[in-house]
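**Student:** Pasting in a structure now, in structure tokens, and then I'll have a few things to ask.
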Amino acid sequence: MQRRRVLSSLGAWLGTTTLSGWNADALAQADNRIVLGQSAPFSGPAEQLGVQYHLGAKLYFDDLNAKGGVNGRQIEIRRLDDGYEPERCAANTRQLIADGVFALFGYVGTATGLAALPLATEAKVPFFAPLSGAQGLREPFNRYVIHVRASYFDETAAIVRQTASTGIRKIAVFHQNDAYGKSGLEGVVRALKERELAPVATATVERNSTDVGQAVTDILAARPEAIVQIGAYKACASFIRVARQKGYSGTFYNVSFVGTQALLEELGAQAKGVVVSQVMPFPYAAATNLSREYIALHKDQQGIAPNYSGMEGFVAAKVFVEALRRAGRTPNREAFIAAVESMKGVDLGGFPVDFGPDRHMGSHFVEMTLLTADGKVRR
């Protein structure tokens with residue numbers, strides 16, 4: 001029910017924003033607005049990742065636009081649905097670049113991001129704040145790629161530190177069978193190797209699939225004390241449900257990309273005890289000035305509740321606007337990138353970001369959260 005309300009609210013809030021096609025000449029020639037292009041899953045098994053990120057960014061941009069914009073310009077996001085599929089994402093990216101967007105913003109996923117990356121680089125269009133922590137989008141350094149969040153290596157290192165602190169040594173990894181899952185798996189392997197350990201088992205699920213039966217069988221056969229999951233919310237929820245049905249009582253750890261709120265809703269009471277690493281400030285209470293600002297802007301948005309994916313979009317929008325302000329009244333893409341690089345030690349209200357000419361990953365922040373049976377997230 002909550003997801004249906006959110007999607008209904010999304011349609012109403014986005015108004016006439018379309019998922020395909022607009023006047024390219026008008027977009028290229030407009031001098032009173034900055035238009036961003038976003039390709040993300042707005043349908044399919046990963047839709048809530050795209051929906052919530054977009055809502056969070058639009059929350060910030062809409063408030064800014066109501067106050068006059070930045071340097072006299074309004075900011076728009078034009079969105080295209082890729083269903084979390086790389087081929088569709090690449091086609092969307094070609095369209096957005098051809099239509100003259102200022103930057104590509106808030107892409108969701110590793111495989112999709114990797115499909116878009118060479119197109120953005122060739123066109124010299126900023127690829128800003130993808131919702132992915134994969135090393136393939138960070139290495140080698142690329143002037144046109146700007147990350148706001150921590151990496152999956154940061155997250156998996158934090159997860160392994162926590163398991164080690166509780167004496168857990170037998171860890172298995174369930175991961176999506178693509179660049180995202182492999183990046184997360186590599187992070188776990190690296191972190192375990194530092195402790196002279198290795199995963200006791202690994203198993204995979206295909207992107208946009210919930211066919212997890214064999215993966216559960218293979219992993220449980222190794223009797224792990226904990227299972228690290230590198231997937232999206234539907235597949236990870238399916239794995240947890242089946243494993244619990246088979247009597248598994250160990251701890252599940254997820255990286256932030258899973259979609260915390262969506263995972264909670266999928267699992268219901270079975271969410272109890274699931275751990276999720278987070279790379280954004282806590283969005284459910286005014287723990288920081290940034291969280292307070294985010295929550296306050298939700299008060300008039302009926303049916304749209306604060307969550308981590310939305311917070312990530314909100315933070316990305318805030319960082320983008322700060323760089324745009326620094327780029328001046330007549331910004332171009334190169335000036336914008338230089339402005340990002342000038343943002344050294346900028347505090348967004350309890351969430352610092354730190355960029356530089358050779359440092360386009362603004363944050364290494366990671367903290368652990370615990371899901372509860374009554375649908376809450378605890379720090």
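**Student:** Between a residue in region 359-379 that is surrounded by fewer than 13 Cβ atoms within 10 Å (Cβ to Cβ) and any residue that is part of a loop (DSSP other than H, G, I, E, B) and of a type in the set (Val, Ile, Thr), which pairs come within a Cβ distance under 7 Å, given they are 6 or more apart or on different chains?
**Tutor:** Filtered contacts from region 359-379: Arg378/Thr372.
**Student:** Continuing with the same structure: I'd like the full set of residues that are among the charged types (D, E, K, R) and assigned to a helix (DSSP H, G or I), limited to region 204-228.
**Tutor:** Going residue by residue through region 204-228, those that are among the charged types (D, E, K, R) are 206-207, 211, 218, 223, 225.
Listed by number, the list holds a single entry, Asp218.
**Student:** Then there's this: Consider Ala129 carefully, then state whether it is more than 24 Å from Met280 (Cβ to Cβ), crowded, with 19+ Cβ neighbours inside 10 Å, under 19 Å from the mean Cα position of the chain (by Cα) and not β-branched (Val, Ile, Thr). Working first, answer last.
**Tutor:** On the way: more than 24 Å from Met280 (Cβ to Cβ): no; crowded, with 19+ Cβ neighbours inside 10 Å: yes; under 19 Å from the mean Cα position of the chain (by Cα): yes; not β-branched (Val, Ile, Thr): yes.
Against the criterion (more than 24 Å from Met280 (Cβ to Cβ), crowded, with 19+ Cβ neighbours inside 10 Å, under 19 Å from the mean Cα position of the chain (by Cα) and not β-branched (Val, Ile, Thr)), Ala129 does not qualify.
**Student:** Could you say which residue among Ala305, Ala335, Ala323 is over 23 Å from Asp62 (Cα atoms), among the small types (Gly, Ala, Ser) and either in contact (Cβ under 8 Å) with a residue 40 or more places away in the chain or part of a helix (DSSP H, G or I) (or both)? Step through it out loud before you land on a result.
**Tutor:** Values: Ala305 fails: over 23 Å from Asp62 (Cα atoms); Ala323 fails: over 23 Å from Asp62 (Cα atoms).
When all the criteria are applied, what remains is Ala335.
**Student:** I'd like to verify a number: residues in region 55-73 that are in contact with a Leu (Cβ under 8 Å, 6 or more places away or on another chain) and in a helix (DSSP H, G or I), how many?
**Tutor:** Here the count works out to 5.
**Student:** Out of Val70, Val101, which single residue is of a type in the set (A, V, I, L, M), under 17 Å from Val319 (Cβ atoms) and assigned by TED's automatic domain parsing to the domain that holds Leu348?
**Tutor:** Numbers: Val101 fails: under 17 Å from Val319 (Cβ atoms).
Selected residue: Val70, the only one of Val70, Val101 that is of a type in the set (A, V, I, L, M), under 17 Å from Val319 (Cβ atoms) and assigned by TED's automatic domain parsing to the domain that holds Leu348.
**Student:** Please find, among Arg329, Arg292, Arg325, the residue that is surrounded by fewer than 24 Cβ atoms within 10 Å (Cβ to Cβ), in contact with a helix residue (DSSP H, G or I) (Cβ under 9 Å, 6 or more places away or on another chain) and of a type in the set (D, E, K, R).
**Tutor:** Numbers: Arg329 fails: in contact with a helix residue (DSSP H, G or I) (Cβ under 9 Å, 6 or more places away or on another chain); Arg292 fails: in contact with a helix residue (DSSP H, G or I) (Cβ under 9 Å, 6 or more places away or on another chain).
When all the criteria are applied, what remains is Arg325.
**Student:** Further, regarding this structure: Need pairs with beta-carbon distance below 7 Å; first residue touching a residue at least 12 places away in the same chain (Cβ under 8 Å) and within region 149-163, second among the aliphatic types (A, V, I, L, M) and part of a helix (DSSP H, G or I); sequence gap 6+ or separate chains.
**Tutor:** Here the result reads Thr156/Val188; Thr156/Ala191; Ala157/Ala191; Val160/Val188; Val160/Ala191; Val160/Leu192, each pair linking region 149-163 to a residue that is among the aliphatic types (A, V, I, L, M) and part of a helix (DSSP H, G or I).
**Student:** Same structure, new question: Would you tally the residues in region 121-146 being of a type in the set (Phe, Trp, Tyr) and part of a strand (DSSP E or B)? I'd like the intermediate steps shown before the answer.
**Tutor:** Step one: of region 121-146, the residues of a type in the set (Phe, Trp, Tyr) are 127-128, 141, 144.
When the remaining residues are screened for being part of a strand (DSSP E or B), the result is 127-128.
Residues flagged as of a type in the set (Phe, Trp, Tyr) and part of a strand (DSSP E or B) within region 121-146 amount to 2.
The values are calculated or read from the model by the stated rules, or taken from the named source; none is laboratory data. The structure presented is a predicted model; accordingly, all values stated were derived computationally and were not measured. Glycine also receives a Cβ, built like all others from the backbone with ideal geometry; neighbour counts cover every protein chain displayed.
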